[in-house]
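Peer 1: Here it is, the structure, as structure tokens.
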Amino acid sequence: MAMVGLFWITEDCVYVGAEPTGTAPGVRLTEDGAETVGLDRAGAWGWDEIHGIDVRDVAVRAGVRRLATMAFDSLTAFVTGDGELPPAFTVRLETAGGTVEASALAAVPGGIYPPEEYELSRTVLARLADGRVGVEDLLAWRRDQGEAGAPGREERLALLRKWADAG
């Protein structure tokens, strides 16, 4: 797997947020379309049925503020012993049958995304929905990576810009 912006990219699908395990919620994007997974599973839609994809409630903070929040959260968990699940956010799918909302868990450490990666990720979601970018583009990049882990910040931004500027 590799994480780029809001995307958790495996060799055969792309998750918005973290790859869910067990009954955890999530949204999976494949070459065929999108599906919600987990306890709040609502269904699956082909790309021809999807008119828009967006996210809400994503924790976004820049630089020092992001690091301070992550440090405070880590200290709180250490002192209280109260570890929490990553924060959840909402994925909105605009489909031919109406709007569907599903939860997804943040995949980044501390659950807080940098503003530029967040905005570029939203643009990529819009491009996926309107067909200017295909899931296969993200998957092809992942397959080319082999066993390499998540790319560094600059490479993630470059990839998001490439996918956002497609079409």
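Peer 1: If you take just the strands (runs of 3 or more DSSP E) that sit entirely in the range 18-64, which of them hold at least 1 residues that are β-branched (Val, Ile, Thr)?
Peer 2: Hits in the range 18-64: 26-29, 33-37, 50-56.
Peer 1: What is the residue count in the range 128-151 for residues that are more than 15 Å from residue 9 (Cβ to Cβ) and either out of contact with any His (no Cβ under 9 Å at 6 or more places or on another chain) or not in a helix (DSSP H, G or I) (or both)?
Peer 2: Of the residues in that region, 2 qualify.
Peer 1: Looking only at residues in the range 1-28 that are out of contact with any strand residue (DSSP E or B) (no Cβ under 7 Å at 6 or more places or on another chain) and surrounded by fewer than 24 Cβ atoms within 10 Å (Cβ to Cβ), which one is nearest to residue 159 (Cα to Cα)?
Peer 2: In this case the residue turns out to be 3.
Peer 1: Could I ask something else about it? Specify the residue that is surrounded by the fewest Cβ atoms within 10 Å (Cβ to Cβ); the eligible residues are those in the range 151-162 that are in contact (Cβ under 8 Å) with a residue 40 or more places away in the chain and within 19 Å of residue 135 (Cβ to Cβ).
Peer 2: 161
Peer 1: To continue, here is another question. Determine whether the range 96-109 contains at least one residue that is touching a residue at least 24 places away in the same chain (Cβ under 8 Å) and either part of a helix (DSSP H, G or I) or on the phi > 0 side of the Ramachandran plot (or both).
Peer 2: yes
Quick note: the coordinates plus some simple rules give every number you see, no bench work behind them. Treat the numbers as computed from the prediction; the structure is a model and nothing was measured. Using ideal geometry, Cβ is built from the backbone for each residue, glycine included, and neighbour counts are taken over all protein chains shown.
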